[in-house]
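Read through the structure below, which is laid out as structure tokens, and then see the notes.
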Amino acid sequence: MEKVRGFEIAKGWEDKEINLPVRKTKYSAGYDIEAAEDTVIPSLKRGDAPTLIKTGLKAYMADDEVLMLYNRSSNPKKKGLILANSVGVVDKDYYGNPDNDGHIMFAFYNIKDEDITIKKGEAIGQAIFQKYLVTDDDNAEGERVGGFGSTSK
């Protein structure tokens, strides 16, 4: 069977009992993503950087697809967790990059007054594969040379 799109365990996480994402119902758009390890997300203070939650996963996809990362709908109200970038974008060429093998991470802020602990195996977000379009005059030729946050470098 030809590989078109899917999830794999990222290098360095093979022996960490990472669960591959699944859709919970037949009509769910998103694949539920779990935390790869226990992580404390501190209560937000001005100037804090977001906390990266590791998933131990990477994703492969077709040339005209992107993987979008969304917060769980219950996270803001129940845990005070919001995504720092609102929606995460995982490009096709992030897969297998030399910096981190395409390891997918969620960047969270905690807006509660107390620190929040995310446990290994806890669902943290959803991932949705989507097609995208390019303009008639598109001529992108650049190549990815790094991992998380490296597109503009």
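Throughout, read-outs are computed from the coordinates displayed, never taken from laboratory work. Predicted, not measured: the structure shown is a model, and the values here were computed from it. In this analysis, Cβ positions are derived from the backbone assuming ideal geometry, glycine residues included, and neighbour counts consider all displayed protein chains.
Reported to the nearest whole Å, the Cα centre-to-centre distance from region 13-79 to region 82-140 is 7.
Pairwise alpha-carbon distances in region 4-124 exceed 18 Å for 53% of all pairs.
Grab the beta carbon distance between Lys112 and Arg46, set R0 = 22 Å, and tell me the FRET efficiency rounded to 0.05.
The calculated FRET efficiency here is 0.90.
With a cut-off of 11 Å between beta carbons, the residues surrounding Ala10 carry a summed charge of +1, where Lys and Arg count +1 and Asp and Glu -1.
Extension gain, Val145 to Tyr27: 0.36 nm times the residue separation minus the Cα-Cα distance gives 38.8 nm.
Taken along the Cα-to-beta-carbon direction at a fixed 7 Å, the label points for Met1 and Asn85 span 3.0 nm. Of all beta bridges that DSSP places with both ends in the chain, some 95 percent have antiparallel geometry.
Which of these, Gly125, Gly88, Gly47, has the largest mean-square fluctuation under a Gaussian network model of the chain (Cα springs below 10 Å)? Fluctuation is largest for Gly47. Using a Förster distance of 41 angstrom, determine the FRET efficiency expected from the C-beta separation of Lys16 and Lys131, and round it to 0.05. Computed FRET efficiency for Lys16 and Lys131: 0.80.
Normalising by the residue count of region 6-131, find the relative contact order in percent from Cα pairs under 8 Å and 6+ residues apart.
Details: 276 pairs, mean separation 48.1, N = 126.
Relative contact order, region 6-131: 38 percent.
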